[in-house]
Amino acid sequence: MTEAVKTLKQWVEESNRIVFFGGAGVSTESGVPDFRSADGLYHQKWAYPPETILSHTFYESKPEEFFKFYREKLLIDGVQPNAAHKKLAEWEKQGKLSAIVTQNIDGLHQAAGSEKVLELHGSVHRNYCERCGKFYDFNFMLHSTGVPRCNCGGRIKPDVVLYEEGLDSRILSESVNAIANADLLIIGGTSLNVYPAAGLINYYRGKRLVLINKSAVARVLPDNLTISEPIGEVMSQL
């Protein structure tokens, strides 16, 4: 165990309002592809850039292409929580962790047993008819074809935040409140490139800030403890 991990372990033991702010790197060890790494979705070749495909405009204008990409790249079947997801769930049960603020849409935190999960960008496990509001689950979408339709004929939209769409105001408010009241903020598996989500960490008022990420991030974080290792490996030592 490195000195940095030892320090983190001590901080965790001394804290009881931990907030975890996480991104795609939390789930890559479970087999979920990220976006910006060398092997990520943004470096793969498609007829359109992924940022374009995952926009509201593209969803409305070329829904067939949108859902083809969505099923193939965002509906990852059979993945399981890794050590990071499980450790966070453990801390919540111990009363040490007050919230998880995540940019991920894969639902792995809930699968690990976490309950207070604030999903900034929604979830692939929730899908709703745009006409009548009927709910459809992950498996329905995975096995659908073309543009998925409800029994009423309405189009079924994933409850995920696309580019050009705003974040849920309630989720934002709860995230700000949780971060502002944390006594330890752990940022993991994110490059801090995506706004407004990345800007939420500005609300942290505490003095113990931890960054766990394999690569450099997009901004300078003052007075932080940085651990440049895979997050699952780090969390399994705590």
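The values are calculated or read from the model by the stated rules, or taken from the named source; none is laboratory data. Keep in mind the model is a prediction, meaning the values are calculated, not measured. Quick reminder, even Gly has a Cβ in these numbers, built from the backbone with ideal geometry, and neighbours come from all protein chains shown. Please note that ligands, DNA and RNA were not included when accessible areas were found on the heavy atoms of the full protein model with its side chains. Shrake-Rupley method; radii C 1.70, N 1.55, O 1.52, S 1.80 Å.
Suppose R0 equals 45 Å; then what is the FRET efficiency for Asn181 and Glu229 from their Cβ-Cβ distance, rounded to the nearest 0.05?
Values: r = 28 Å, r/R0 = 0.62.
Working from the Cβ atoms, E equals 0.95.
List the residues whose amide H sits under 5 Å from the amide H of Phe21, counting only those 5 or more places along or on another chain, with H placed 1.01 Å from N in the peptide plane.
The list, which skips near neighbours in sequence, is Val101, Ile186, Ile187, Gly188.
Once fully extended, how much extra length lies between Asn16 and Glu115, figured as 0.36 nm per residue of separation less the alpha-carbon to alpha-carbon distance? Please report the intermediate quantities before stating the final value.
On the way: separation 99, 0.36 × 99 = 35.64 nm, distance 1.64 nm.
Once the chain is fully extended between Asn16 and Glu115, it gains 34.0 nm.
Based on Cβ point charges of +1 for Lys and Arg and -1 for Asp and Glu, what charge dipole magnitude is obtained for the range 153-238 about its Cα centre, in debye rounded to the nearest 20? Display every interim value, and only then the final one.
Numbers: 8 positive and 9 negative charges, 21 e Å.
Computed about the Cα centre, the dipole is about 100 debye.
Rounded to the nearest 5, what % of DSSP beta bridges with both residues in the chain are antiparallel?
Working: 8 of 30 bridges.
So the antiparallel bridges amount to about 25 percent of the total.
Can you list residues from other chains, or at least 5 along the same chain, whose modelled amide H is less than 5 Å from the amide H of Leu225?
Placed amide hydrogens put Leu209, Val210, Leu211 under 5 Å from Leu225.
Given charges of +1 on the Cβ of Lys and Arg and -1 on the Cβ of Asp and Glu, with all other atoms neutral, how large is the dipole of the chain about its Cα centre, in debye to the nearest 20? Write down the numbers at each step before the final one.
Working: 26 positive and 28 negative charges, 42 e Å.
The calculation lands at about 200 debye.
Pull up the cross-link candidates among the lysines for Lys93, meaning alpha carbon to alpha carbon under 26 Å and not fewer than 8 places away within one chain.
Lys6, Lys9, Lys116, Lys207
On average, how much area does the Cα convex hull of the range 78-185 cover when viewed from any direction, in nm²? Show your work: numbers first, answer last.
Working: hull surface 32.5 nm².
Dividing the Cα hull surface by four gives the mean projection, 8.1 nm².
Pull up all non-local amide H partners of Val160: gap of 5 or more, or a different chain, and H-to-H distance under 5 Å with H placed in the peptide plane.
Those qualifying (amide H under 5 Å, at least 5 residues apart or on another chain) are Ser123.
7 Å from Cα along Cα→Cβ at both Ala47 and Phe140: what's the point-to-point distance in nm?
About 2.7 nm separates the two model spin labels.
Rounded to the nearest 0.05, what FRET efficiency do Glu90 and Lys207 have when you use their Cβ-Cβ distance and R0 = 25 Å? Show your work: numbers first, answer last.
Working: r = 24 Å, r/R0 = 0.98.
According to the calculation, E is roughly 0.55.
Any idea of the accessible area per residue across the range 1-150, 1.4 Å probe, to the nearest Å²?
Details: 7130 Å² over 150 residues.
Counting only protein heavy atoms, the per-residue value for the range 1-150 is 48 Å².
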